[in-house]
Amino acid sequence: MMIRLSKSVVGEREVIALSKVMAHGYLGMGAEVQLLEQKLQDYLGCSDRKVVCVNSGTAALHLALQALGVGAGDEVLVPAMTYVASFQAISATGATPVACDVHLENGLLDLKDAEKRLSSKTKALMFVHYASYCGDLQSVYDFAKQHKLRVVEDAAHAFGSVYRGKKIGSFGDVVCFSFDGIKNITCGEGGAIVSADSAVIHKVSNARLLGVHRETEKLSSAQCGCDFDVMEQGFRYHMSNLMAAIGVVQLDRFEKEFKSARRQLISYYYERLKNIQGVQLLQMDLDDIVPHIMPMRVLNGQRDRLGIYLKQHAVEVGVHYKASHLLSKYGHGSSQLPVAEQLSVELLTLPLHPELSRRDIDYIVGLVQILLCEECVMSEN
Ligand SMILES: *Cc1c(COP(=O)(O)O)cnc(C)c1O
(Lines give C-alpha, C1' and ligand atoms only; values in the text may rest on other atoms or scores of the structure.)
Protein backbone atom coordinates (compact mmCIF):
# COMPACT_ATOMS: atom_id res chain seq x y z
CA MET A 1 0.00 0.00 0.00
CA MET A 2 1.13 3.49 -0.90
CA ILE A 3 2.02 5.90 1.89
CA ARG A 4 0.03 8.92 0.87
CA LEU A 5 1.41 12.43 0.55
CA SER A 6 -1.68 13.91 2.15
CA LYS A 7 -5.27 12.97 2.82
CA SER A 8 -8.59 14.13 4.25
CA VAL A 9 -9.06 12.69 7.71
CA VAL A 10 -12.82 12.36 8.07
CA GLY A 11 -15.04 9.78 9.72
CA GLU A 12 -18.21 9.00 11.59
CA ARG A 13 -18.60 12.44 13.14
CA GLU A 14 -18.49 14.19 9.77
CA VAL A 15 -20.99 11.67 8.39
CA ILE A 16 -23.42 12.36 11.24
CA ALA A 17 -23.08 16.12 10.76
CA LEU A 18 -23.79 15.77 7.03
CA SER A 19 -26.81 13.55 7.71
CA LYS A 20 -28.25 16.20 10.01
CA VAL A 21 -28.01 18.86 7.32
CA MET A 22 -29.64 16.52 4.83
CA ALA A 23 -32.42 15.64 7.24
CA HIS A 24 -33.04 19.31 7.84
CA GLY A 25 -33.53 19.73 4.12
CA TYR A 26 -31.51 22.78 3.11
CA LEU A 27 -28.08 22.14 1.66
CA GLY A 28 -27.26 25.67 0.50
CA MET A 29 -25.83 28.57 2.50
CA GLY A 30 -27.63 29.00 5.79
CA ALA A 31 -27.42 28.42 9.52
CA GLU A 32 -24.58 25.90 9.35
CA VAL A 33 -22.36 28.37 7.50
CA GLN A 34 -23.14 31.05 10.09
CA LEU A 35 -22.25 28.60 12.82
CA LEU A 36 -18.88 27.80 11.24
CA GLU A 37 -18.13 31.51 10.84
CA GLN A 38 -18.96 32.09 14.49
CA LYS A 39 -16.83 29.14 15.61
CA LEU A 40 -13.89 30.29 13.52
CA GLN A 41 -14.21 33.77 14.98
CA ASP A 42 -14.28 32.32 18.51
CA TYR A 43 -11.33 30.09 17.68
CA LEU A 44 -9.29 33.06 16.48
CA GLY A 45 -10.41 34.90 19.58
CA CYS A 46 -11.00 38.36 18.21
CA SER A 47 -14.38 39.99 18.50
CA ASP A 48 -13.32 42.98 16.39
CA ARG A 49 -12.66 40.73 13.38
CA LYS A 50 -15.19 38.97 11.19
CA VAL A 51 -14.96 35.73 9.27
CA VAL A 52 -16.68 35.19 5.92
CA CYS A 53 -16.75 31.65 4.55
CA VAL A 54 -16.57 30.90 0.83
CA ASN A 55 -16.26 27.80 -1.31
CA SER A 56 -12.46 27.75 -1.75
CA GLY A 57 -9.25 29.37 -0.66
CA THR A 58 -8.81 30.68 -4.19
CA ALA A 59 -12.24 32.35 -4.01
CA ALA A 60 -11.25 33.89 -0.66
CA LEU A 61 -8.10 35.41 -2.20
CA HIS A 62 -9.97 36.65 -5.27
CA LEU A 63 -12.73 38.32 -3.24
CA ALA A 64 -10.25 39.79 -0.77
CA LEU A 65 -8.33 41.48 -3.59
CA GLN A 66 -11.49 42.69 -5.27
CA ALA A 67 -12.73 44.15 -1.98
CA LEU A 68 -9.47 46.09 -1.67
CA GLY A 69 -10.16 47.63 -5.05
CA VAL A 70 -7.45 45.69 -6.88
CA GLY A 71 -8.25 45.45 -10.58
CA ALA A 72 -7.11 46.02 -14.15
CA GLY A 73 -3.96 48.12 -14.38
CA ASP A 74 -2.84 47.31 -10.83
CA GLU A 75 0.10 45.17 -9.76
CA VAL A 76 0.25 42.84 -6.78
CA LEU A 77 3.55 41.62 -5.32
CA VAL A 78 3.50 37.89 -4.59
CA PRO A 79 6.24 35.35 -3.85
CA ALA A 80 6.91 32.97 -6.75
CA MET A 81 7.07 30.00 -4.39
CA THR A 82 3.36 29.38 -3.99
CA TYR A 83 0.48 27.39 -5.36
CA VAL A 84 -0.71 28.83 -8.68
CA ALA A 85 -3.98 29.69 -6.89
CA SER A 86 -2.33 32.83 -5.49
CA PHE A 87 -1.43 33.98 -9.00
CA GLN A 88 -4.78 32.99 -10.47
CA ALA A 89 -6.64 34.94 -7.80
CA ILE A 90 -4.65 38.06 -8.66
CA SER A 91 -5.05 37.73 -12.42
CA ALA A 92 -8.77 37.00 -11.97
CA THR A 93 -9.20 40.60 -10.78
CA GLY A 94 -7.55 41.88 -13.96
CA ALA A 95 -4.43 42.89 -12.02
CA THR A 96 -0.92 41.60 -12.77
CA PRO A 97 0.81 39.31 -10.30
CA VAL A 98 4.43 40.47 -9.91
CA ALA A 99 6.48 37.44 -8.91
CA CYS A 100 9.06 38.11 -6.20
CA ASP A 101 11.97 35.99 -5.09
CA VAL A 102 12.06 34.13 -1.79
CA HIS A 103 14.56 33.20 0.90
CA LEU A 104 16.51 30.04 0.26
CA GLU A 105 16.32 28.86 3.86
CA ASN A 106 12.52 28.96 4.21
CA GLY A 107 10.80 29.80 0.91
CA LEU A 108 9.27 33.01 2.28
CA LEU A 109 8.97 36.32 0.43
CA ASP A 110 12.24 38.24 0.14
CA LEU A 111 11.36 41.86 0.85
CA LYS A 112 14.61 43.15 -0.66
CA ASP A 113 13.62 41.59 -3.96
CA ALA A 114 10.02 42.79 -3.58
CA GLU A 115 11.27 46.34 -3.09
CA LYS A 116 13.00 46.25 -6.47
CA ARG A 117 9.72 45.26 -8.12
CA LEU A 118 7.62 48.10 -6.71
CA SER A 119 6.11 50.45 -9.25
CA SER A 120 3.54 53.23 -9.35
CA LYS A 121 0.98 50.51 -10.16
CA THR A 122 1.70 48.37 -7.09
CA LYS A 123 -1.47 48.27 -5.04
CA ALA A 124 -1.14 45.31 -2.71
CA LEU A 125 1.15 42.60 -1.44
CA MET A 126 0.09 39.00 -1.12
CA PHE A 127 2.15 37.28 1.54
CA VAL A 128 2.25 33.47 1.48
CA HIS A 129 2.73 31.47 4.67
CA TYR A 130 4.87 28.90 2.90
CA ALA A 131 4.81 25.53 4.71
CA SER A 132 2.78 27.15 7.51
CA TYR A 133 5.58 29.48 8.62
CA CYS A 134 5.62 33.27 8.40
CA GLY A 135 9.15 34.28 9.49
CA ASP A 136 9.31 37.94 10.44
CA LEU A 137 5.75 38.89 9.50
CA GLN A 138 6.08 42.26 11.22
CA SER A 139 8.70 43.32 8.67
CA VAL A 140 6.19 42.53 5.91
CA TYR A 141 3.66 44.86 7.52
CA ASP A 142 6.33 47.53 8.04
CA PHE A 143 7.23 47.29 4.35
CA ALA A 144 3.56 47.52 3.35
CA LYS A 145 3.03 50.56 5.54
CA GLN A 146 6.12 52.27 4.17
CA HIS A 147 4.93 51.76 0.60
CA LYS A 148 1.21 52.27 1.29
CA LEU A 149 0.20 48.78 0.25
CA ARG A 150 -2.67 46.67 1.48
CA VAL A 151 -1.76 43.13 2.54
CA VAL A 152 -3.59 39.92 1.75
CA GLU A 153 -2.17 36.96 3.65
CA ASP A 154 -2.46 33.69 1.78
CA ALA A 155 -2.58 31.61 4.94
CA ALA A 156 -3.84 28.49 3.16
CA HIS A 157 -1.05 26.47 4.81
CA ALA A 158 -1.17 28.20 8.14
CA PHE A 159 -4.44 27.44 9.87
CA GLY A 160 -3.55 27.07 13.56
CA SER A 161 -0.04 28.53 13.27
CA VAL A 162 1.00 31.43 15.51
CA TYR A 163 3.24 34.46 15.21
CA ARG A 164 4.64 36.00 18.39
CA GLY A 165 2.05 34.06 20.36
CA LYS A 166 -0.91 35.26 18.25
CA LYS A 167 -2.88 32.99 15.96
CA ILE A 168 -2.57 33.68 12.24
CA GLY A 169 -5.83 35.37 11.29
CA SER A 170 -6.28 37.02 14.69
CA PHE A 171 -4.38 40.10 13.46
CA GLY A 172 -3.27 41.51 10.11
CA ASP A 173 -4.99 43.24 7.22
CA VAL A 174 -6.96 40.60 5.24
CA VAL A 175 -6.19 36.95 5.96
CA CYS A 176 -7.39 34.08 3.76
CA PHE A 177 -7.59 30.40 4.66
CA SER A 178 -8.28 27.30 2.58
CA PHE A 179 -10.29 24.33 3.77
CA ASP A 180 -9.77 22.20 0.70
CA GLY A 181 -9.52 18.42 0.95
CA ILE A 182 -5.99 18.22 2.33
CA LYS A 183 -5.49 21.39 4.34
CA ASN A 184 -5.11 21.49 8.14
CA ILE A 185 -8.90 21.40 8.38
CA THR A 186 -11.20 20.57 5.50
CA CYS A 187 -14.78 21.32 4.46
CA GLY A 188 -14.39 19.11 1.39
CA GLU A 189 -13.64 22.37 -0.37
CA GLY A 190 -13.85 25.75 1.29
CA GLY A 191 -12.14 28.91 2.41
CA ALA A 192 -12.49 31.94 4.62
CA ILE A 193 -11.65 35.62 4.68
CA VAL A 194 -10.82 37.26 8.01
CA SER A 195 -10.51 40.99 8.54
CA ALA A 196 -11.14 43.82 10.98
CA ASP A 197 -11.92 46.10 8.03
CA SER A 198 -15.71 46.29 7.98
CA ALA A 199 -15.76 47.61 4.40
CA VAL A 200 -13.85 44.53 3.23
CA ILE A 201 -16.13 42.21 5.19
CA HIS A 202 -19.20 43.94 3.79
CA LYS A 203 -17.92 43.67 0.21
CA VAL A 204 -16.88 40.04 0.36
CA SER A 205 -20.14 39.04 2.07
CA ASN A 206 -22.07 40.45 -0.87
CA ALA A 207 -19.70 39.44 -3.64
CA ARG A 208 -19.69 35.78 -2.62
CA LEU A 209 -23.33 35.53 -3.66
CA LEU A 210 -23.54 37.36 -6.98
CA GLY A 211 -23.32 40.77 -5.38
CA VAL A 212 -26.89 40.67 -4.14
CA HIS A 213 -26.91 43.21 -1.35
CA ARG A 214 -28.13 41.78 1.90
CA GLU A 215 -29.44 45.12 3.07
CA THR A 216 -31.57 45.61 0.00
CA GLU A 217 -32.77 42.02 0.34
CA LYS A 218 -33.77 42.60 3.96
CA LEU A 219 -35.41 45.89 3.17
CA SER A 220 -37.44 44.38 0.39
CA SER A 221 -38.45 41.36 2.44
CA ALA A 222 -39.81 43.75 5.06
CA GLN A 223 -41.99 45.04 2.27
CA CYS A 224 -42.85 42.24 -0.09
CA GLY A 225 -39.65 40.27 -0.67
CA CYS A 226 -39.70 40.88 -4.38
CA ASP A 227 -36.91 43.42 -4.87
CA PHE A 228 -33.18 43.59 -4.40
CA ASP A 229 -30.20 45.42 -5.85
CA VAL A 230 -26.75 44.55 -7.21
CA MET A 231 -24.02 47.18 -7.35
CA GLU A 232 -20.83 45.22 -7.98
CA GLN A 233 -19.39 42.21 -9.73
CA GLY A 234 -20.21 39.12 -7.71
CA PHE A 235 -19.63 35.39 -7.97
CA ARG A 236 -21.12 32.10 -6.86
CA TYR A 237 -18.45 31.66 -4.21
CA HIS A 238 -20.59 31.05 -1.14
CA MET A 239 -20.15 28.06 1.13
CA SER A 240 -22.90 25.46 1.50
CA ASN A 241 -24.35 24.07 4.72
CA LEU A 242 -22.93 20.67 3.75
CA MET A 243 -19.40 22.02 3.59
CA ALA A 244 -19.81 24.01 6.79
CA ALA A 245 -21.11 20.97 8.69
CA ILE A 246 -17.88 19.13 7.88
CA GLY A 247 -15.90 22.22 8.89
CA VAL A 248 -17.54 22.52 12.31
CA VAL A 249 -16.53 18.95 13.16
CA GLN A 250 -13.05 19.42 11.71
CA LEU A 251 -12.42 22.53 13.78
CA ASP A 252 -13.20 20.57 16.94
CA ARG A 253 -11.01 17.67 15.85
CA PHE A 254 -8.23 20.07 14.87
CA GLU A 255 -7.65 21.11 18.47
CA LYS A 256 -8.11 17.61 19.87
CA GLU A 257 -6.29 15.50 17.29
CA PHE A 258 -4.90 17.03 14.11
CA LYS A 259 -2.82 19.83 15.54
CA SER A 260 -0.72 17.72 17.89
CA ALA A 261 -0.45 14.88 15.37
CA ARG A 262 0.92 17.17 12.65
CA ARG A 263 3.31 18.88 15.02
CA GLN A 264 4.69 15.67 16.48
CA LEU A 265 5.17 14.16 13.04
CA ILE A 266 7.13 17.10 11.67
CA SER A 267 9.33 17.21 14.75
CA TYR A 268 10.09 13.55 14.25
CA TYR A 269 10.91 14.11 10.58
CA TYR A 270 13.27 16.93 11.52
CA GLU A 271 14.98 14.84 14.17
CA ARG A 272 15.49 11.92 11.78
CA LEU A 273 16.49 13.94 8.71
CA LYS A 274 18.68 16.65 10.20
CA ASN A 275 21.98 14.78 9.86
CA ILE A 276 21.44 13.20 6.48
CA GLN A 277 23.93 14.42 3.90
CA GLY A 278 22.35 15.80 0.79
CA VAL A 279 19.20 16.92 2.59
CA GLN A 280 18.68 20.49 3.73
CA LEU A 281 15.67 21.07 5.98
CA LEU A 282 13.84 24.38 5.83
CA GLN A 283 14.56 26.66 8.76
CA MET A 284 11.40 27.30 10.68
CA ASP A 285 10.26 27.76 14.24
CA LEU A 286 8.54 24.40 14.56
CA ASP A 287 6.95 25.46 17.87
CA ASP A 288 4.99 28.18 16.06
CA ILE A 289 3.49 26.17 13.23
CA VAL A 290 0.87 23.56 12.57
CA PRO A 291 2.56 22.08 9.50
CA HIS A 292 0.50 21.46 6.39
CA ILE A 293 3.35 20.00 4.31
CA MET A 294 6.85 18.57 4.83
CA PRO A 295 9.05 19.99 2.07
CA MET A 296 12.83 19.63 2.14
CA ARG A 297 15.67 20.59 -0.16
CA VAL A 298 17.46 17.75 -1.92
CA LEU A 299 20.93 18.94 -2.88
CA ASN A 300 23.40 17.93 -5.62
CA GLY A 301 20.76 17.53 -8.33
CA GLN A 302 19.29 14.42 -6.72
CA ARG A 303 15.69 15.62 -6.25
CA ASP A 304 14.12 13.83 -9.20
CA ARG A 305 16.06 10.61 -8.58
CA LEU A 306 14.97 10.57 -4.96
CA GLY A 307 11.38 11.34 -5.93
CA ILE A 308 11.29 8.44 -8.37
CA TYR A 309 12.97 6.12 -5.88
CA LEU A 310 10.43 6.93 -3.16
CA LYS A 311 7.53 6.42 -5.55
CA GLN A 312 8.97 3.06 -6.59
CA HIS A 313 8.96 2.15 -2.92
CA ALA A 314 5.33 3.08 -2.39
CA VAL A 315 5.90 6.55 -0.95
CA GLU A 316 3.91 9.30 -2.62
CA VAL A 317 5.84 12.57 -2.92
CA GLY A 318 5.11 16.04 -4.24
CA VAL A 319 6.74 19.31 -5.22
CA HIS A 320 5.62 22.50 -3.48
CA TYR A 321 6.20 24.24 -5.78
CA LYS A 322 7.40 24.81 -9.28
CA ALA A 323 7.78 28.60 -9.07
CA SER A 324 4.75 30.29 -10.62
CA HIS A 325 6.76 32.75 -12.76
CA LEU A 326 7.99 29.72 -14.74
CA LEU A 327 4.45 28.90 -15.89
CA SER A 328 3.44 29.98 -19.39
CA LYS A 329 0.63 32.23 -18.23
CA TYR A 330 2.87 34.07 -15.76
CA GLY A 331 5.86 34.93 -17.90
CA HIS A 332 7.49 31.60 -18.65
CA GLY A 333 10.58 32.58 -16.70
CA SER A 334 10.96 36.01 -18.30
CA SER A 335 11.75 37.52 -14.87
CA GLN A 336 14.84 36.32 -13.06
CA LEU A 337 14.19 34.84 -9.64
CA PRO A 338 17.30 32.78 -8.91
CA VAL A 339 16.30 31.47 -5.49
CA ALA A 340 12.79 30.45 -6.49
CA GLU A 341 14.29 28.73 -9.54
CA GLN A 342 16.78 26.87 -7.39
CA LEU A 343 14.07 25.76 -4.96
CA SER A 344 11.90 24.64 -7.87
CA VAL A 345 14.46 21.95 -8.70
CA GLU A 346 15.49 21.14 -5.12
CA LEU A 347 12.26 20.90 -3.17
CA LEU A 348 10.63 17.56 -2.51
CA THR A 349 7.65 17.12 -0.22
CA LEU A 350 7.37 14.03 1.94
CA PRO A 351 4.06 12.60 3.22
CA LEU A 352 2.39 14.44 6.09
CA HIS A 353 -1.13 13.98 7.43
CA PRO A 354 -2.57 13.13 10.84
CA GLU A 355 -2.83 9.41 10.08
CA LEU A 356 0.83 9.02 9.17
CA SER A 357 2.78 7.02 11.77
CA ARG A 358 6.31 7.21 13.13
CA ARG A 359 6.93 3.85 11.54
CA ASP A 360 5.98 5.33 8.17
CA ILE A 361 8.50 8.10 8.79
CA ASP A 362 11.19 5.59 9.78
CA TYR A 363 10.56 3.76 6.54
CA ILE A 364 10.63 6.96 4.44
CA VAL A 365 13.78 8.31 6.10
CA GLY A 366 15.43 4.92 5.62
CA LEU A 367 14.80 5.14 1.89
CA VAL A 368 16.12 8.70 1.73
CA GLN A 369 19.25 7.58 3.53
CA ILE A 370 19.82 4.60 1.25
CA LEU A 371 19.48 6.58 -1.97
CA LEU A 372 21.43 9.67 -0.93
CA CYS A 373 24.21 7.74 0.77
CA GLU A 374 24.69 5.56 -2.25
CA GLU A 375 25.24 8.88 -3.95
CA CYS A 376 27.83 10.04 -1.34
CA VAL A 377 29.75 6.82 -1.80
CA MET A 378 29.73 7.27 -5.56
CA SER A 379 30.98 10.84 -5.35
CA GLU A 380 33.76 9.80 -2.95
CA ASN A 381 35.10 7.26 -5.44
C1 LIG B 1 -4.54 25.39 -1.19
C2 LIG B 1 -3.91 26.70 -1.48
C3 LIG B 1 -4.63 27.78 -2.03
C4 LIG B 1 -6.01 27.68 -2.58
O5 LIG B 1 -6.93 27.11 -1.77
P6 LIG B 1 -8.10 26.23 -2.43
O7 LIG B 1 -9.03 26.07 -1.27
O8 LIG B 1 -7.48 24.96 -2.88
O9 LIG B 1 -8.69 27.02 -3.53
C10 LIG B 1 -3.99 29.00 -2.17
N11 LIG B 1 -2.72 29.16 -1.82
C12 LIG B 1 -1.97 28.16 -1.31
C13 LIG B 1 -0.56 28.43 -0.94
C14 LIG B 1 -2.54 26.88 -1.16
O15 LIG B 1 -1.80 25.90 -0.69
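The values are calculated or read from the model by the stated rules, or taken from the named source; none is laboratory data. Predicted, not measured: the structure shown is a model, and the values here were computed from it. Please note: Cβ atoms are built from the backbone with ideal geometry, for glycine as well, and neighbour counts cover all protein chains shown. We work out accessible area using only protein heavy atoms, side chains counted, and drop any ligands, DNA or RNA first. Shrake-Rupley method; radii C 1.70, N 1.55, O 1.52, S 1.80 Å.
Under a Cβ-Cβ cut-off of 13 Å, what is the net charge of the residues other than E355 that fall near it, where Lys and Arg count +1 and Asp and Glu count -1?
Values: positive: R4, K7, R253, R262, R358, R359; negative: E257, D360.
Cβ neighbours under 13 Å give a net charge of +4.
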Set the Förster radius R0 to 30 Å, insert the Cβ-Cβ distance between S139 and M2 as r into 1/(1 + (r/R0)^6), and round the FRET efficiency to 0.05. 0.15
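Kindly flag which residue pairs out of K183/K322; K166/K259; K121/K166 have an alpha-carbon separation exceeding 26 Å in this structure.
K121/K166
What does the extension gain come out to for L286 and A72, with contour length at 0.36 nm per residue minus their alpha carbon separation?
Numbers: separation 214, 0.36 × 214 = 77.04 nm, distance 3.92 nm.
Additional length available on full extension: 73.1 nm.
Residues of the chain: accessible area per residue at 1.4 Å, in Å²? Each step should come with its number before you reach the end.
Values: 16690 Å² over 381 residues.
With all protein chains present, the chain gives 44 Å² per residue.
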With every protein chain present, what accessible area does K203 have (1.4 Å probe, heavy atoms only), rounded to the nearest 10 Å²? 80 Å²
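Report the local net charge at V84: Lys and Arg +1, Asp and Glu -1, summed over other residues whose C-beta lies under 11 Å from its C-beta. Walk me through the intermediate numbers first.
Numbers: positive: K322, K329; negative: none.
With Lys, Arg at +1 and Asp, Glu at -1, the neighbours total +2.
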Hey, could you pull the Cα Rg and Dmax for the chain, both in Å? 21.6, 86
Any chance you could run the full-extension gain for H332 through E232? It's 0.36 nm times the residue separation minus the Cα-Cα distance, nm to one decimal. 32.7 nm
Whole-Hz couplings from phi, Karplus 6.51/-1.76/1.60, listed for segment 150-161; x for Gly and Pro: 7, 10, 10, 8, 8, 9, 4, 8, 10, 5, x, 6
The set of residues whose placed amide H lies less than 5 Å from the amide H of V128, leaving out same-chain residues fewer than 5 positions away, is L109, D154
In the structure shown, do any of K123/K145; K112/K203; K39/K256; K20/K203; K7/K39 have a Cα-Cα gap over 21 Å, and if so which? K112/K203; K20/K203; K7/K39
Once phi for every residue in segment 283-298 is put through the Karplus expression 6.51 cos²θ - 1.76 cosθ + 1.60 (θ = phi - 60°), the whole-Hz ³J(HN,Hα) values, with Gly and Pro written as x, are 8, 9, 7, 5, 5, 8, 10, 10, x, 8, 9, 10, x, 9, 8, 10
Qualifying chymotrypsin sites (Phe, Trp or Tyr not before Pro) in segment 11-120, DSSP loop, other Cβ atoms within 10 Å at most 15: Y26
